[in-house]
Amino acid sequence: MYDVIVVGARCAGSPVAMLLARRGHRVLVVDRATFPSDAVSTHYLHQAGLRKLKEWGLLDEIIDAGTPPQRKMHFAYRGIRLEGFAEPVDGIDAVYCPRRYVLDEILVNAARRAGAEVLEGFTMSDLIFSGDRVTGIRGRRGDGPEREFRATVVVGADGFNSTVAKKTGAEQYNVRPASGFVYYAYYRGLDWGLHHKTGFNENWFGTWPTNDGLNMLSVISTRRRFKEFRQDVEAGFLTVFDDVDPELGEQLRDQGRREGSFRAMRYPDNYYRRAHGPGWALIGDAGYHKDPYTGWGISDAFIHGQLLADRLHQGLAGERLMDDALAEYNKVRDEESAGVYEFTTALARLTEPPPFFRATMEAASRSRVWTEKMLGVIGGVVPEYEIYGRDALERLYEDTGVPPERRIYDPAG
């Protein structure tokens, strides 16, 4: 009998298992994959996510794996440009974009070292119920016999197609349609650094250095172009770069050497799922998914993983009722992620941004200090009120010389 079974051992599941095992709880983690292995991913770790890795003692492992630091962001959105980097936080003065076969193995091994049992190559097929309460899982490893494991709580960290979510009937809410699709690939021969650029024709590209001396190049375009795009992916890929930044498009054609094939990501709608019920909880994309445009998936998995582990510990330790602890986890997760969700779903449409976002980003772009603060908000290490609070907005507009008639204070305005 386990205290917690975690279904899914990647960036959402392994941190929860590690944190609980470090507190002495008996934890089992299962995953259909074996590690190290790759996964479709944005790779990007915001400073807020890196801060969690540092707290857990794992950031140095990411750095020691040869993941290159990035200390300047080239951000552009339909004519608005923000270039710089957020102020260092807790000594973190860079962002990192590790390959998933690097990151996930570090996380899985950390869970093992903490005392969690890890069962790789195991596919969960069903949940076990006692009445309406989840009490365990069943599944098998490869072609082996079906096995059952029991626990006080089962955590679904198994992605947006979560079997745990389906079996528990976890309903979605605050759903917003997905706007685009992603293709990405790895290249040599480029020394571009970190770019996040949206053009005027509903196209975006991002670039960031990653492990093995490679650069990850990614594009997003509107869904109505998907059928045409996939008929000639390389041509479509290059066209996006040409459209958004012709100079970089030319460099890509002349200097870029692609390694491996293009990878596609046609992601689901943005949503929240009810993240708890009797004997179960959801973490990561299983419980909350948003467009990859802002690259917040991994960092949110870390932040919410800490939150969930803390509440699970309270329930397991008898400090409060487990159901109450998990309900609070769901509530706090929703409250703390609301700003990122709004920002992501607004800009991910790749169209003209809402007037409030255009006004504040244009104002911030005129000042190095406010640019760094805005990038800190985007990176999750500067509180939103330092830009979007009423007094902060007044200072922003005053400092950057925005005429009174062009100042917007209401996000709905």
Open item on the list: Looking only at residues that are within 21 Å of Pro292 (Cα to Cα) and not acidic (Asp, Glu) in region 16-43, which one is surrounded by the most Cβ atoms within 10 Å (Cβ to Cβ)?
Closed with: His43
Task: Options Glu328, Glu384, Glu342, Glu335: the member that is in contact with a Lys or Arg (Cβ under 9 Å, 6 or more places away or on another chain) and among the acidic types (Asp, Glu) - done: Glu328
Open item on the list: So, Arg230, is that one of a type in the set (Lys, Arg) and either assigned by TED's automatic domain parsing to the domain that holds Asn161 or surrounded by 21 or more Cβ atoms within 10 Å (Cβ to Cβ) (or both) or not?
Closed with: no
Open item on the list: Kindly evaluate Gly115 against the criterion of being surrounded by fewer than 22 Cβ atoms within 10 Å (Cβ to Cβ), of a type in the set (Gly, Ala, Ser) and on the phi > 0 side of the Ramachandran plot.
Closed with: yes
Open item on the list: closer than 24 Å to Asn161 by Cα and among the hydrophobic types (A, V, I, L, M, F, W, C): is that true of Phe129 in this structure?
Closed with: yes
Open item on the list: Step by step: first the residues of region 371-413, then only those that are small (Gly, Ala, Ser) and touching a helix residue (DSSP H, G or I) at 6+ places or on another chain (Cβ under 7 Å), then the one that is surrounded by the most Cβ atoms within 10 Å (Cβ to Cβ). Which residue is that?
Closed with: Gly379
- [ ] Run down Pro145, Pro68, Pro98 and say which single residue is part of a loop (DSSP other than H, G, I, E, B) and touching a Leu at 6+ places or on another chain (Cβ under 9 Å).
- [x] Pro98
Open item on the list: So, restricting to helices (runs of 4 or more DSSP H) that lie completely within region 313-413, which ones have at least 3 residues that are among the hydroxyl-bearing types (Ser, Thr, Tyr) and either within 26 Å of Val219 (Cβ to Cβ) or in contact (Cβ under 8 Å) with a residue 24 or more places away in the chain (or both)?
Closed with: 322-347
Task: Residue that is acidic (Asp, Glu), part of a helix (DSSP H, G or I) and touching a residue at least 24 places away in the same chain (Cβ under 8 Å), where the choices are Glu61, Glu87, Glu83 - done: Glu61
TODO: State all residues of region 246-278 that are touching a residue at least 60 places away in the same chain (Cβ under 8 Å), farther than 18 Å from Gly159 by Cβ and touching an Asp or Glu at 6+ places or on another chain (Cβ under 6 Å); if no residue qualifies, say none.
DONE: Pro278
Task: Condition met for Arg112 (assigned to a helix (DSSP H, G or I), without any contact (Cβ under 8 Å) to a residue 24 or more places away in the chain and not small (Gly, Ala, Ser)) - done: yes
Task: Subset of region 172-200 (residues that are exposed (fewer than 15 other Cβ atoms within 10 Å of the Cβ), in a loop (DSSP other than H, G, I, E, B) and over 24 Å from the mean Cα position of the chain (by Cα)) - done: Gly189, Asp191, Phe200
Task: Residue list for region 171-180, filter: within 17 Å of Asp285 (Cα to Cα) and either in contact with a Phe, Trp or Tyr (Cβ under 6 Å, 6 or more places away or on another chain) or of a type outside the set (Asp, Glu) (or both) - done: Gln172, Tyr173, Asn174, Val175, Arg176, Pro177, Ala178
TODO: Report yes if some residue within region 294-312 is buried (at least 16 other Cβ atoms within 10 Å of the Cβ) and at positive phi; otherwise report no.
DONE: yes
Task: Residue that is nearest to His313 (Cα to Cα) [pool: residues in region 124-171 that are among the polar types (S, T, N, Q) and surrounded by 15 or more Cβ atoms within 10 Å (Cβ to Cβ)] - done: Thr152
- [ ] May I ask you to list the residues in region 247-277 that are in a strand (DSSP E or B) and modelled with pLDDT under 95?
- [x] Ala264, Met265
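The values are calculated or read from the model by the stated rules, or taken from the named source; none is laboratory data. Since this is a predicted model, take the numbers as computed values, not measurements. Note that each Cβ is placed from the backbone with ideal geometry, even for glycine, and that neighbours are counted across all protein chains shown.
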